[in-house]
There are 2 protein chains.
Amino acid sequence: MLPRGRPRALGAAALLLLLLLLGFLLFDWRLRGAAALDGDPLAGPRDSNPSDCGPQPLPPPKCELLHVAIVCAGHNSSRDVITLVKSMLFYRKNPLHLHLVTDAVARNILETLFHTWMVPAVRVSFYDADELKPQVSWIPNKHYSGLYGLMKLVLPGTLPAELARVIVLDTDITFASDIAELWALFAHFSDTQAIGLVENQSDWYLGNLWKNHRPWPALGRGFNTGVILLRLDRLRQAGWEQMWRLTARRELLTLPATSLADQDIFNAVIKEHPGLVRPLPCVWNVQLSDHTLAERCYSEASDLKVIHWNSPKKLRVKNKHVKLFRNFYLTFLEYDGNLLRRGLFGCPSQPPSGAEQLQQALAQLDEEDPCFEFRQQQLTVHRVHVTFLPHEPPPSQPHDVTLVAQLSMDRLQMLEALCRHWPGPMSLALYLTDAEAQQFLRFVEASPVLAARQDVAYHVVYREGPLYPVNQLRNVALAQALTPYVFLSDIDFLPAYSLYDYLRASIEQLGLGSRRKAALVVPAFETLHYRFSFPPSKVELLALLDAGALYTFRYHEWPRGHAPTDYARWREAQAPYGVQWVANYEPYVVVPRDCPRYDPRFVGFGWNKVAHIVELDAQELADLWPAHPHHLAAAHLD
Amino acid sequence: MLPRGRPRALGAAALLLLLLLLGFLLFDWRLRGAAALDGDPLAGPRDSNPSDCGPQPLPPPKCELLHVAIVCAGHNSSRDVITLVKSMLFYRKNPLHLHLVTDAVARNILETLFHTWMVPAVRVSFYDADELKPQVSWIPNKHYSGLYGLMKLVLPGTLPAELARVIVLDTDITFASDIAELWALFAHFSDTQAIGLVENQSDWYLGNLWKNHRPWPALGRGFNTGVILLRLDRLRQAGWEQMWRLTARRELLTLPATSLADQDIFNAVIKEHPGLVRPLPCVWNVQLSDHTLAERCYSEASDLKVIHWNSPKKLRVKNKHVKLFRNFYLTFLEYDGNLLRRGLFGCPSQPPSGAEQLQQALAQLDEEDPCFEFRQQQLTVHRVHVTFLPHEPPPSQPHDVTLVAQLSMDRLQMLEALCRHWPGPMSLALYLTDAEAQQFLRFVEASPVLAARQDVAYHVVYREGPLYPVNQLRNVALAQALTPYVFLSDIDFLPAYSLYDYLRASIEQLGLGSRRKAALVVPAFETLHYRFSFPPSKVELLALLDAGALYTFRYHEWPRGHAPTDYARWREAQAPYGVQWVANYEPYVVVPRDCPRYDPRFVGFGWNKVAHIVELDAQELADLWPAHPHHLAAAHLD
C-alpha cells in the first residue's frame, strides 16, 4: 500500500511515463573453526548457573548504566552493527552507553542514525579509528578485518580514563537475551581477573587443523574475542599497553603475522598471564563457524544468549541448526527499529536531544483537527540510514551534477532504467520499512546494472505515519549530494542519455560558477502509453509531440505548472533563454548544492515543489534558463 | 519489490488495463477499570521475587509441556489470538499444548493456520464452543464477549480429565516474557489453592465508581480473569461445577446480569471461598484499561511480563506509557510468523505433520540445479490465514458465482474498482508479509467501498521465498469459495457491470446444473492506455476495438492464448457457441466450484493457467461456451 497522500500519478496503478529535456573490511566475520567443549570446565551451559539459586546470574542494579564498545568501519559493517544494536535494545532493560570506534564512513552513517533514531536511555560516543591506526599498524595481519580488528587491543587507552568496565562486541553478534545478564558476569571476576572470554569453539589453537598449521600460542583451545568483558581499570593498572605490545613483538619474531587479528594477541597474552582471564559460559558466544562443534554447548543450554556469525559464509553457513539461529538474526534484521523508541520502566533518563520538545508538540495536537494527520506527520522525525550500501563518491569536479530523487518500494524497478540514462552520481532517498530495506538490498545485489554502480548513494528513510514525507526525503538526498550542482528530479522521470554530459558542459559554458543566481530548467514531457520507445533526439521528440504520442508534462492536469518554460519558444530555440518565475511554476531544475532546502512541512501530495521554486525565486536564485534545445531526454520503460 | 518471476505485466511499473467480455466463463478487550495496587500485599513487583535468590521464579523442568487454554470466536478474535500466540512463541522455550475453545469461524481459521504454520513443539486441540453454550446460556450477561467469555467457567469439565493444570488467557493479551515463568508460579500454590489470579487494577469491585454502581461481590478490589492459572484437578475435586453455579444463581437473585462475564462469577466464588485463590504478581497481567492505575505496578517493575489490552479502545487507550506498551504489541502484530517455525533447544519433539518429509525433500535439492529456486518454492508450505476479515457468506443460491482471484500488495488499489464492477461474492487470496497484512487491514477499514462489503472473503497467504506462488494462491481462494460456481479471474481484470447477473442467468438458462461438463469462457480485452473509460456496452467495445484503443487480450504478445475464443465469430454472435480446446488456450472461465485444482508446482510466471485448462479439458469439463455477445465488460481505472 502506498502511503496515503502520495501523488496518484506515482501510485502503482497509474503509470506515468515522462520525458526530460536538457537538461576494510566489511563483513566482520572471523574465519575461525570451532571445537567441542564437552566436559570442559571452562565452558558449557552448566557454567551459566553460577549459584545454587537458579539459572540466571544476579542482574546488575536496576537502571545501572552499561557500557558497550564496538569497532566499526565501512558501509557493510555499519549495517551489521545496526542489527546487533537492535537485538541488544530489544532485550535490554538498562540504560546503555555505546562507545563506537569508527572510520569516517561509519561515523557519518551511525551518527545520523542515532541522532534520528532518538532511542531513550542510549548514549553514543564516537572515537576516530584513523587516529588509532598508528598504534596497531606495525602489526602484520592476515585477517580480513585489517587494522580495525586490532583496535580492540587499544581500547583501555582509548576509552575515557574513568570508564572501569566495558563489554566489547564484534559486529557479527546477535543478542538473544538481555545484555544485563552478561554484564552481571563481571561480579564473578576474582580480584585479579580483567578479561572475560568464552572459549574458542574450534581446534584452531590446538594447531592440529592441518599440516604445518602454526597458530599463535593459547591456553588450551584458546578464547574467542567476539564477546569480551573488559575490566579497563585493572588492565590499565596492570600495564596492559606494554603487556600486549611486548608479547606481540616477541611472537612476531617467529610468526609472520597475526591470522585472527586481536584474537591471536589476546590469546598469547593470556597464555603468559592466565590469571587475567575469567572464562565465561559458552552460551554467551555461540560461534557458528564453518565446522563449529558449538552444538555441544547450545544443545545442553535451555537458552541462547549470544550468537556469533563468525563464518565467512555468515548466514549461509552449513549447520543443521542454522535455520533456528538464522531466525534470531532475521528477527532483528527486519525488526521495525521505530518500535525500539521506547523508554525503560522506572529508569528516569535524559530524553534524546529534541525528543522532549517533539513529544510536547505532538501532545498539543488536536485529534479532531481535520489536518491532524498532516501535523502529526510533519512532526515525525524519521530514522535515517544514509549510504545504506557501499558508495564511492566520484572524484571532485567543478561542474559535476548529482541527480537527486526519492522513491518508495513501488518504484524500485525504475532504478535500472535510471542508471542507464544517467551515468553520473546520484543521491536517492528511499522511504522503506526495515524489512523492505532488506528486500531493496537483495534487489540491488541481484541486478548487475545496479551492483556495478558505486556512484549511486542510497539513503534509507524509515517509514512512519500514513503520509509520504516527500520534502523530508528530498532534503535527505540533497544533504548527501557531494557535487557542486544538483539536478532535482523525480523518480518517474528518465533523463536523456546525453543530459548528464550536457548539463556539465552548460554549467561551464554559462559560467554558472561565477553567476550563481541561476537555475537551469529541464523541460519535462510525458506519455500516456505504457509501451513507448525513448526518442533519441529532439527531432524525434517533436515528431512524437506532433503525433500526440507525447505531451508536455502535466499538459492535461496542470498546464500552469510548466507554462513559463514556454514550450513554443523552446521548440524553435537554438540556445538557452531566460524565463521569469510566475506563480504555480514547478519546473525540474539544476541548482548549486547549497540551494535552499525543501519545506519539510509539505507531506503527501501537492505544492511541495512549487513552494521550493518560490523560495528559489525569493532568494534570487531563480534566473531560469531552459535547456539548450538540441539535447533531449525521454522516458522508456520496458 | 515484487517476488521475482511475477509476470511483468503485473509489475508496478507496467500498467495493464484489461477488459473482460461477458459470455461464459466467474476485540476481546474488557471494559474494566483499574486501580492502584500500591502497598497492597496481593500484588506489586516485589511479589515477583518469591525467593531470596533472584528475580525469577524457578523455571519449570526443561522441556516440560505447558498447557494453555483460550476461548476464541469470530474473525476479529482469531486475529487477536494469533498475535497473542506469536508473542508467546517468541519467548517460549518449552513445548506447548494449546486448547482452543472456538466457534466454527475461528476453528476454520485457526485450524488452517496451525496446520500450515507447522511450528515445532506446538500441539493444538479444538473444543466446540457451540456444544458448551447450553452450560452458560442461562446466565444473563451484559458483557460484549457474550456467551464466549463465560465459557472459561466450564473449562474444568471441558478439558481432558487427565489435564491437571492450565493457563487460561484472554485473546487481548500480549506476552513480553517466557510463559514458563508464569507456569512456574503453580509451584507457589499452597496445597489447597486452585486459581492463580492478578488483582483487578481498578476500583470497579469497590463499587464506588459511580452512583448506584452495584458490582458483583469480590474480595477487596477483586481479581482480573484475563490471565488465570487453573489447577483443574483441584477444582474438579472441590466440585467446581456446582460451586460456581450455586454462587451465580444466588447472586442473580438480586443482580440482573453479569457485567464482566466470567470475571464477576469467579470473583463471587472467590469471595465465598478465599482459600481457592493464589494471588499472582501484578506484572503478569498489566491491565491497560481506560483509567488504569496499573502504573503503580509496572513503574516499580524492572520487567514487563504480560500486557492486557482490556480497554474498549484497545491500542488507542490514553495512557502516558501507552506507546511503550503499544510497541510490544506491534512487535508481534507485524512479526514474521515464519520465523517462529524454529525448534526448541534440546527438547526432542514430534515434528508437525508433514514437516519431516518436507525437510527431507528440501535437503535433497541440489543448490547448483538451475531450477533450484523453483523446486524450493514448490516445496514451500505457506502459512495461510483464511477469512482474515469479517465475512458473511451470501445465502445459498443454486446458480451463484464467486469471483476467484489472487493479488499482492501492489494490486490493492484494484479492489475498490473490482467491488464496483462485481456485486457478487468474491474469494481473494492475498500474498503478504505479516506487516503488509496489517497495512491491508487499515486499507480496507479506510475504504467505505470495501468496508461495506461483507461478501468478499480475503485469505492471507504469508510470503516466503522469491517466487510468486500463483497457483497455490489460486487454490486457497478456490477452496474457500462457497457458491456452486466460480469465475476464475485475475486481479488486473475488471468485469462488465452486468457480468455477475448475466453469468447467473446463463448458468440457469444453459442448464449447467445438469450438464456439468461445461465451462463458460469470458472473452478478455486489454488497453494500452492508462486513462480509459470503461465501455458500457458491446457496441462501444467494438467501436474501441475498431479504433485501436482496445485489443483482444494479449493480442501482441501471445495471440494463441485466446485464439480459440474466435473473436471474429464472437463479434457477430447473438448467442453462446461452443469452442474446442486447442494447445496453449488460456481463457478465463466459469466452472463448478469442485473443478480440478491448479497445479501448485507452477510458481512465478508462465503456463500456470494453460496447464489448468488442459486439466479441465482432460477431465472433459471443457466444453467451452464463449459469452453471450450482448454482454460486455471493460476495464476502468481512475
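The rows are residues; the columns are (1) more than 30 Å from A:VAL122 (Cα to Cα); (2) of a type in the set (Gly, Ala, Ser); (3) open to solvent by 20 Å² or more (accessible area, probe 1.4 Å); (4) modelled with pLDDT of 75 or more.
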| site | (1), (2), (3), (4) |
| --- | --- |
| A:GLU295 | yes, no, yes, yes |
| A:TYR298 | yes, no, no, yes |
| A:ASN310 | no, no, no, yes |
| A:LEU315 | no, no, yes, no |
| A:LYS318 | yes, no, yes, no |
| A:HIS321 | yes, no, yes, yes |
| A:ASN327 | no, no, no, yes |
| A:GLU334 | no, no, yes, yes |
| A:ASN338 | no, no, no, yes |
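Scanning region B:137-173 for residues that are open to solvent by 10 Å² or more (accessible area, probe 1.4 Å), small (Gly, Ala, Ser) and farther than 20 Å from B:ASP233 by Cα yields B:SER137, B:SER145, B:GLY146.
Highlighted here are the helices (runs of 4 or more DSSP H) found entirely within region B:381-500 that include at least 1 residues which are within 12 Å of chain A (Cβ to nearest Cβ), closer than 24 Å to B:ARG341 by Cα and open to solvent by less than 10 Å² (accessible area, probe 1.4 Å): B:434-446. Considering region A:346-361, and only residues there that are at the interface with chain B (Cβ under 10 Å from one of its Cβ atoms) and open to solvent by 30 Å² or more (accessible area, probe 1.4 Å), the residue that is nearest to the chain's Cα centre (by Cα) turns out to be A:GLN359.
Looking at the structure I just gave you, is A:HIS97 part of a helix (DSSP H, G or I), modelled with pLDDT of 95 or more and more than 14 Å from chain B (Cβ to nearest Cβ)? Judged against the criteria, A:HIS97 is not a match. A:LEU365 meets all of the listed conditions (1) surrounded by 13 or more Cβ atoms within 10 Å (Cβ to Cβ); (2) part of a helix (DSSP H, G or I); (3) more than 10 Å from chain B (Cβ to nearest Cβ) but one, namely (2). Identify, please: which residue in region B:210-232 is under 37 Å from the mean Cα position of the chain (by Cα) and among the small types (Gly, Ala, Ser) and is, among those, nearest to B:PHE175 (Cα to Cα)? Across region B:210-232, the extreme among qualifying residues is B:GLY226. Selection over region A:501-513 of residues that are surrounded by fewer than 18 Cβ atoms within 10 Å (Cβ to Cβ) and of a type in the set (S, T, N, Q) gives a count of 1. Of everything listed in (1) modelled with pLDDT under 80; (2) of a type in the set (Gly, Ala, Ser); (3) in a helix (DSSP H, G or I), the single unmet condition for B:SER353 is (3).
Within region B:236-258, restricting attention to residues that are surrounded by fewer than 21 Cβ atoms within 10 Å (Cβ to Cβ) and among the aliphatic types (A, V, I, L, M), the residue that is nearest to B:TYR144 (Cα to Cα) is B:ALA257. Per the conditions (1) modelled with pLDDT of 95 or more; (2) touching a helix residue (DSSP H, G or I) at 6+ places or on another chain (Cβ under 8 Å); (3) surrounded by fewer than 17 Cβ atoms within 10 Å (Cβ to Cβ), the sole criterion not satisfied by B:LEU185 is (3). For A:ARG231, the stated conditions hold: it is in contact with a strand residue (DSSP E or B) (Cβ under 7 Å, 6 or more places away or on another chain), closer than 20 Å to A:LEU163 by Cα and open to solvent by 20 Å² or more (accessible area, probe 1.4 Å).
The values are calculated or read from the model by the stated rules, or taken from the named source; none is laboratory data. This one's a predicted model, so the numbers in the text were calculated from it and none came from an experiment. Ideal geometry is used to build each Cβ from the backbone, glycine not excepted, and the neighbour counts take in all protein chains shown. We work out accessible area using only protein heavy atoms, side chains counted, and drop any ligands, DNA or RNA first. Shrake-Rupley method; radii C 1.70, N 1.55, O 1.52, S 1.80 Å.
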